[in-house]
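Below you'll find the structure, written out as structure tokens, and then a few comments.
The values are calculated or read from the model by the stated rules, or taken from the named source; none is laboratory data. Keep in mind that what you see is a predicted model, and the values were worked out from it rather than measured. Cβ placement follows ideal geometry from the backbone for every residue including glycine, while neighbour counts extend to all protein chains displayed. What goes into the accessible areas is simple: the full protein's heavy atoms, side chains included, and nothing from ligands, DNA or RNA. Shrake-Rupley method; radii C 1.70, N 1.55, O 1.52, S 1.80 Å.
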Amino acid sequence: MREKLLEVKELKVGFQNKKNYTTILNGVDFSVEKGETLCIVGESGCGKSLTSLSIMGLLPEKGNIGEGEIIFNGEDLTKKNQKQLSKIRGNEISMIFQEPMTSLNPVHTIGRQVSESVRLHRKLGKKEAETKAIEMLRLVGIPSPEQRIHNYPHELSGGMRQRVMIAMALSCDPKLLIADEPTTALDVTIQAQILELMASLKQEMDMSIVMITHDLGVVSEIADKVIVMYAGKIVEYSEMRSLFDKPLHPYTIGLLESIPKLNEDQMELPVIQGSVPDPNQMPQGCRFATRCPFARSTCLKDAPPSVENGDNHYVSCWQYTDQWDSIAKEEKLNDDSGSYELPAATGS
Ligand SMILES: Nc1ncnc2c1ncn2[C@@H]1O[C@H](COP(=O)(O)OP(=O)(O)OP(=O)(O)O)[C@@H](O)[C@H]1O
Ligand SMILES: [Mg+2]
């Protein structure tokens with residue numbers, strides 16, 4: 001096993017409103033090894049971005065870490081103050097976001113922005129920083145970077161802007177790159193190029209990547225390991241191949257079933273019934289029970305433990321525990337067991 005770079009232990013994150021405290025992440029546990037790409041998948045609102053913002057120390061106002069540890073390179077980031085965190089952010093952990101236009105400054109040329117980012121991290125003079133910026137832009141596949149440095153962000157395509165963001169994120173030579181839906185706003189061919197670029201840069205720079213996406217296609221392209229999140233918890237964790245070959249959690253299976261298959265004439269795709277529960281009204285047991293075709297009354301009462309089912313493949317579902325046979329004899333909750341509601345035809 002390779003050395004662990006990041007360990008997130010029993011992380012709880014919530015928001016303090018006027019009247020009450022709402023817990024969103026409820027005991028998130030995972031680790032990232034050196035040189036590994038970990039993908040976090042799950043529907044909108046399940047807590048993917050909050051997980052990455054917690055690592056970065058960039059939670060939104062009123063949000064806070066209630067419990068847990070975030071061990072990066074042997075140090076607990078939850079114990080650091082903002083000044084220490086900002087040093088780590090600038091030097092060892094970098095982040096890229098979904099929409100590069102909002103992260104780039106529209107009034108400065110990209111050359112200036114990449115150079116400044118380079119100067120922030122390396123003790124270089126102006127001219128040397130510009131040379132380095134050109135080198136970084138070439139590294140991320142920007143053609144004729146000597147000319148491109150004079151362009152403003154709006155003069156670049158979305159894919160090119162995302163490459164500039166990657167160049168800036170890499171300028172500090174980070175040990176960990178966190179990418180939150182970096183290709184969602186891009187069309188598929190550009191998305192494929194960016195993913196390829198990230199994979200090759202990872203090799204070259206020997207860094208780890210945490211990639212957040214709701215797209216299982218992206219996962220299959222880039223991941224070594226995968227975390228499936230549902231309503232603020234991890235429901236399944238495994239090697240990428242194992243997740244696609246033998247998905248275990250009913251939620252993961254639902255997500256995989258809703259991917260269009262190229263060789264089948266699928267007019268209608270199955271979707272997972274229902275919606276994610278309100279964070280203030282979470283079932284006390286398994287959070288997926290209200291939507292699960294296999295749910296029994298135990299599932300609503302008690303949260304399932306995480307169990308290993310196959311090599312390094314973990315799942316939080318009563319079905320995979322020794323108790324399931326006796327639980328299965330209990331009253332079933334969802335009568336339409338095993339079936340997923342089909343959405344209306346798309347009109348074609
Ligand atoms: N600033 C905030 N104030 C209060 N609650 C918040 C705030 N930001 C997020 N939340 C809560 O945390 C939940 C998880 O948010 P998060 O942004 O992590 O979801 P996500 O998995 O990244 O979703 P998406 O795929 O849409 O980006 C949200 O559904 C919301 O209930
Ligand atoms: Mg998000």
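Just to confirm a number: summing +1 for Lys and Arg and -1 for Asp and Glu over residues other than residue 15 whose beta-carbon lies under 14 angstrom from that of residue 15, what do you get? Once all neighbours under 14 Å are counted, the net charge is +2. Per residue, the average separation of C-alpha pairs within less than 8 Å and at least 6 apart gives region 7-97 a relative contact order of 33 percent.
Net charge dipole, region 4-223: roughly 940 debye, given to the nearest 20, about the Cα centre with Cβ charges of +1 for Lys and Arg and -1 for Asp and Glu. Residue 173 contributes about 80 Å² of solvent-accessible surface, heavy atoms of the protein only, 1.4 Å probe.
Taking all protein chains into account, the per residue accessible area for region 52-174 stands at 51 Å² (1.4 Å probe). Here the gap between residue 128 and residue 275, fully extended at 0.36 nm per residue and compared with their Cα-Cα distance, gives a gain of 47.6 nm. Once the Cα atoms are used to define both axes, helix 126-139 deviates from the longest principal axis of the chain by about 40 degrees. The calculated 222 nm mean residue ellipticity attributable to helices in the chain amounts to -9500 deg cm²/dmol, summing -39500 (n - 2.57) over DSSP H runs of n ≥ 4 and dividing by all residues.
What's the FRET efficiency of residue 193 with residue 109 using the Cβ-Cβ distance as r and R₀ = 30 Å, to the nearest 0.05?
Step by step, r from the Cβ atoms, then E = 0.80.
Counting only residues at least eight positions apart within a chain, or on another chain, the lysines with an alpha carbon under 24 Å from that of residue 132 are 87, 123, 175, 202. Between the helical axis of 110-121 and the longest alpha-carbon principal axis of the chain there is an angle of about 80 degrees. Dipole of the chain computed with +1 at Lys/Arg Cβ and -1 at Asp/Glu Cβ about the Cα centre; of 110, 243, 253, farthest Cα towards the positive end is 110. Per atom type, region 230-332 shows carbon and sulfur on 49% of its accessible surface, probed at 1.4 Å. Counting only protein chain heavy atoms and rolling a 1.4 Å probe, the accessible areas of 59, 104 rank, largest first, as 59, 104. Report the relative contact order of the chain, percent, no decimals, based on alpha-carbon pairs under 8 angstrom and at least 6 residues apart. Worked out over the chain, it gives 18 percent. Across the accessible surface of region 128-196, with the other protein chains kept in place and a 1.4 Å probe, carbon and sulfur atoms take up 50 percent.
Heavy-atom accessible area for residue 161, with the other protein chains in place and a 1.4 Å probe, reaches approximately 40 Å².
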